[in-house]
Amino acid sequence: MTTPIGNNVLNAINGGGATMTKRQSDELRENFLTLLTTQLQNQDPLNPMENHEMTSQLAQISTVSGVEQLNETLQGITAQMEAGKALQASGLIGQGVMVPGDRVLLEQDEQGKAHTTPFGIELARPADNVTATITSASGQVVRRVELGALRAGVESFAWDGVTDSGETAMPGSYRVAFQASDDAGNSVNVKSLHYAMVNAVTPSDRNGEIRLDLGAIHGQVALNDIRQIL
């Protein structure tokens, strides 16, 4: 009786397919086919290998080939997806975006008119009462704005640079914070957003994540951090 090719050989092929190099996998598969051919040539004519045994072993080696081809196809699809993300990200260069943060910048032109960067809010669910509080670098409240009821999602706003006392605030960096609640007085989860300009795109890192360079002040963020494009 002819003994089927050992499970250790088959296990090496099946278990090693994901970690072996293509050359090693090809060599092991060739050795398998050589063993199978030799076994068929030298089997006992009175007690040949059962058809199901040969079919089973051929199916296993075929499965390895199929898995390798599938892995190559998936790698190609992944590369195409990453290229698509990079192309999408490159289209944001020079665009203003809203990302998580609480910074508001104020500048004055030659005529003394204030110009501020937008700020925004991201609500987990609708809120009936929303208040935005803008504070100076020292923590002093300079403006409090009642925004009223807001729906869930992202909203952006602009500050005119005027304080609660009616004066124009000094140029510099300010912070914005939100308080949100429903009609029953229950707090609503809220996230502050601030404005930044996309300067450059950094290729995918080891985690496959594309990074956007927002300059020295805001640093880098992931593409998924973009909440709104202005």
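The values are calculated or read from the model by the stated rules, or taken from the named source; none is laboratory data. All of these numbers come straight from a predicted model, not from anything done at the bench. Here the Cβ positions follow ideal geometry from the backbone for every residue, glycine too, while neighbour counts run over all protein chains shown.
A few comments on the model shown:
- Residue match in region 158-166 (condition: loosely packed, with under 15 Cβ neighbours inside 10 Å, within 22 Å of His218 (Cβ to Cβ) and not acidic (Asp, Glu)): yes
- Selection status of Ser173, assigned to a loop (DSSP other than H, G, I, E, B), surrounded by fewer than 17 Cβ atoms within 10 Å (Cβ to Cβ) and assigned by TED's automatic domain parsing to the domain that holds Ala137: no
- Residue within region 197-215 that is in contact with a strand residue (DSSP E or B) (Cβ under 8 Å, 6 or more places away or on another chain) and within 16 Å of Glu122 (Cβ to Cβ) present: no
- Gly139 fulfils the conditions (1) closer than 29 Å to Ser90 by Cα; (2) out of contact with any Asp or Glu (no Cβ under 6 Å at 6 or more places or on another chain) except for a single criterion, (1).
- Taking the numbered list (1) farther than 19 Å from Val99 by Cβ; (2) within 29 Å of the chain's Cα centre (by Cα) in turn, Gly166 passes all entries but (2).
- For Leu105: the one exception among (1) under 18 Å from Asp160 (Cα atoms); (2) at pLDDT below 85: (2)
- Failed criterion for Ile229 (all others in (1) buried (at least 17 other Cβ atoms within 10 Å of the Cβ); (2) within 13 Å of Val97 (Cβ to Cβ) hold): (1)
- Residues considered: Ser90, Ser138. Of these, the only one that is farther than 22 Å from Leu230 by Cβ and either in the same structural domain as Ala177 (by TED's automatic domain parsing) or at pLDDT below 95 (or both) is Ser138.
- Selected residue (only one of Glu155, Glu209, Glu167 is touching a helix residue (DSSP H, G or I) at 6+ places or on another chain (Cβ under 8 Å) and either among the hydroxyl-bearing types (Ser, Thr, Tyr) or without any contact (Cβ under 8 Å) to a residue 60 or more places away in the chain (or both)): Glu209
- Boolean, Thr168 is out of contact with any Asp or Glu (no Cβ under 6 Å at 6 or more places or on another chain), modelled with pLDDT of 95 or more and farther than 16 Å from Leu230 by Cα: no
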